[in-house]
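Please find one structure pasted underneath; my questions will follow.
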Amino acid sequence: MEKKKREKEAVSMGIKVCRVIGIVLMLAAVGYLVWRGDYDGKGIVGYVDDCFIFMAAYMFTRGSFCRPERRYIRRQLYMLSSLFALLALCWIILLAFI
């Protein structure tokens with residue numbers, strides 16, 4: 001059987017920029033986890049926003065480091081990142097007013 005040669009696509013400049021942004025977001029998310037100036041409530045409720053922010057940054061970074069051939073998976077990871085960011089924003093607003 002002949003094996004098909006898979007041609008690797010070149011990484012575009014947009015993907016490279018997204019990778020840099022993803023690394024910066026991961027560092028900012030870890031900094032947010034360490035920083036104690038946020039609206040942490042009592043118990044587990046205060047750590048939910050930390051989880052959402054970290055997952056948003058992780059999903060964006062993971063999507064940025066996918067192979068260029070996997071556009072569909074990258075788009076799904078970016079959508080999950082957007083969802084986690086929206087949930088984090090809503091949770092922080094909720095904690096600010098409680």
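Against the definition (part of a helix (DSSP H, G or I) and at pLDDT below 90), how does TYR32 come out, yes or no?
Yes, satisfied.
Output the residues belonging to the stretch 42-82 that are at pLDDT below 95 and of a type in the set (Ser, Thr, Tyr).
Scanning the stretch 42-82 gives TYR47, SER64, TYR72.
Another question, then. Taking the stretch 35-78 on its own, how many of its residues are under 23 Å from PHE97 (Cβ atoms), outside any helix (DSSP H, G or I) and either open to solvent by less than 30 Å² (accessible area, probe 1.4 Å) or acidic (Asp, Glu) (or both)?
Counting residues in the stretch 35-78 that are under 23 Å from PHE97 (Cβ atoms), outside any helix (DSSP H, G or I) and either open to solvent by less than 30 Å² (accessible area, probe 1.4 Å) or acidic (Asp, Glu) (or both) gives 2.
Open to solvent by 70 Å² or more (accessible area, probe 1.4 Å), aliphatic (A, V, I, L, M) and in a helix (DSSP H, G or I): which single residue out of LEU83, LEU95 fits that description?
Just a single option satisfies the conditions, and that option is LEU83.
Could you give every pair whose Cβ atoms fall below 8 Å, whose first residue belongs to the stretch 3-22 and is surrounded by 11 or more Cβ atoms within 10 Å (Cβ to Cβ), and whose second residue is at pLDDT below 90, counting only separations of at least 6 or pairs across chains?
GLU9/ARG67; GLU9/PRO68; GLU9/GLU69; VAL11/PRO68; ILE15/PRO68
The values are calculated or read from the model by the stated rules, or taken from the named source; none is laboratory data. Small disclaimer: the values here were computed from a predicted structure and weren't measured. We place every Cβ from the backbone using ideal geometry, glycine too, and count neighbours over all the protein chains shown. The protein model used for the area step is the full one, side chains on, heavy atoms only, and it has no ligands, DNA or RNA in it. Shrake-Rupley method; radii C 1.70, N 1.55, O 1.52, S 1.80 Å.
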